[in-house]
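S.K.: First, the structure itself, so that you have it in front of you.
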Amino acid sequence: QARLVPSGGGLVQFGGSLRLSCAASGFTFSNYALTWDRQAPGKQREFVAHITSAGITNYTDPVKDRFTISRDNARKTVYLEMNSLKPEDTGVYYCNANWGTFQYWGQGIQVTVSS
């Protein structure tokens, strides 16, 4: 059974850092592109960062130069390093794995940035 289990969320002050992890099991992790999305209170879910199976990354503009997505295929884990956090980064963060018609979602994890 495919699973994505996130960890690393929590409460942090403005300007602080957090690293989210999402551990995968039950599928061939290295084949999959990986994405982090987030959903702020009262808003729609939005794209945050993406990494292909080859390691190519892209980001939404508001997080460029602050967030870094990476993957460790040996550990079957995707990471989101978040620096210089702002209150507008508050939300529930979701990891996603996608390969063709196959797609898996992790449960959301809360990130709260206090001003």
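The values are calculated or read from the model by the stated rules, or taken from the named source; none is laboratory data. Everything numeric here is computed off the predicted structure, so don't read it as measured data. Cβ: placed from backbone, ideal geometry, glycine included. Neighbour counts: every protein chain shown. Just so you know, the surface numbers come from the protein's heavy atoms only, side chains and all, with ligands and any DNA or RNA stripped out. Shrake-Rupley method; radii C 1.70, N 1.55, O 1.52, S 1.80 Å.
S.K.: What is the spin-label model distance, in nm, from V5 to T28 if the labels are put 7 Å beyond Cα along the C-beta direction?
M.R.: About 2.4 nm, to one decimal.
S.K.: A further question on this structure: Once the Cβ-Cβ distance between S115 and T57 is put in as r, and R0 is 22 Å, what FRET efficiency do you end up with, to the nearest 0.05?
M.R.: With R0 = 22 Å, the Cβ-Cβ based efficiency is 0.15.
S.K.: Sticking with this one: Tell me, what is the per residue accessible area of the stretch 7-115 in Å², probe radius 1.4 Å? Don't skip to the end; give the middle numbers.
M.R.: Values: 5740 Å² over 109 residues.
Each residue of the stretch 7-115 exposes 53 Å² on average to a 1.4 Å probe.
S.K.: Also, I was wondering about something else. Report the calculated FRET efficiency for S17 and Q39 (r = Cβ-Cβ distance, R0 = 30 Å), to the nearest 0.05.
M.R.: Details: r = 21 Å, r/R0 = 0.70.
Result of the calculation: an efficiency of 0.90.
S.K.: Could you work out the relative contact order of the chain? I mean the mean sequence separation of Cα pairs under 8 Å and 6+ apart, divided by the number of residues, in percent.
M.R.: Values: 279 pairs, mean separation 40.6, N = 115.
Once normalised by length, the contact order is 35 percent.
S.K.: Another question, then. Could you grab the relative contact order for the stretch 54-115? Cα pairs under 8 Å, six or more apart, rounded to a whole percent. Mind showing how you got there, number by number?
M.R.: On the way: 70 pairs, mean separation 15.5, N = 62.
The value is 25 percent.
S.K.: Please report, in debye to the nearest 20, how large the charge dipole of the stretch 1-69 is about its Cα centre when each Lys and Arg carries +1 at its beta carbon and each Asp and Glu carries -1 there. Before the final figure, lay out each step's value.
M.R.: Numbers: 7 positive and 4 negative charges, 28 e Å.
My answer is approximately 140 debye.
S.K.: In nm, give the distance between the simple-model label positions of D65 and Q107, each being 7 Å from the Cα along the Cα-to-Cβ direction.
M.R.: 3.7 nm
S.K.: Normalised by the number of residues in the stretch 21-75, what is the relative contact order in percent for Cα pairs under 8 Å and 6+ residues apart?
M.R.: 28 percent
S.K.: Take the eigenvalues of the Cα gyration tensor for the chain, scale each by 5, and report the square roots as semi-axes in whole Å, largest first.
M.R.: Numbers: eigenvalues 109, 38, 32 Å².
Output for the chain: semi-axes of 23, 14, 13 Å.
S.K.: Okay, next question. Rank W105, W36 by accessible area, highest first, at a 1.4 Å probe radius?
M.R.: Values: W105 115, W36 0 Å².
Order by accessible area, largest first: W105, W36.
S.K.: Next up: Could you identify which residue out of F67, F102, F47 has the top mean-square fluctuation in a GNM of the chain using Cα springs shorter than 10 Å?
M.R.: F102
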